[in-house]
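**Student:** Pasting a structure below so you can have a look.
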């Protein structure tokens, strides 16, 4: 049998079966598109508020789909900003997603951005990607995919029809409508 240098890693067992074990590089497939994780990390590392970043592919437990999650460490320039961002950080996460969206195609924008104080390290001091992959980024990120700074602002109903529609959707979703 002839082998090709495709970047995939595999081995053949005693029974002749070929077992796929991963890739040589950090290229993953998300929603039918090949994505190079280091390319996303490189763009994110240029953001003025980001010190370190690690982008991983994760399998979302509830939706069952594969998603990109960016784990980010903020710069120490403003300690108060860092603490506030780690506690809430909704607008900062939206800003980061918008930043990536202006520099990369939409399919390369991470679905979740999780803010961390530090990355787990391997015994030799490198970022431990396996430990980061086991974290559930969707539990650390409170900003839904596709949000932007403009769309995150609440707009009140402009007329009676919009108010009725808001009320119906509020009841269906179990959200209390406050005026």
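**Student:** Using a 10 Å cut-off on Cβ atoms, rank the peptides 61-70, 106-115 from the highest mean neighbour count down.
**Tutor:** Taking the mean over residues of other Cβ atoms within 10 Å, the ranking is 106-115, 61-70.
**Student:** While we're looking at this one, here's another question. Let's test the formula: R0 of 35 Å, r as the Cβ-Cβ distance of residue 118 and residue 20. What FRET efficiency results, to the nearest 0.05?
**Tutor:** 0.60
**Student:** Here is a follow-up. Using 0.36 nm times the number of residues separating residue 98 and residue 130, minus their current alpha carbon distance, what extension gain do you get?
**Tutor:** Extending this stretch completely gives an extra 8.8 nm.
**Student:** Using 7 Å Cα-to-Cβ label points, what is the residue 162/residue 13 separation (nm, one decimal)?
**Tutor:** Those two pseudo-labels are separated by 6.1 nm.
Here, each number is a calculation from the coordinates, and none is a lab measurement. Since this is a predicted model, take the numbers as computed values, not measurements. Cβ atoms come from the backbone with ideal geometry, glycine included; neighbour counts cover every protein chain shown.
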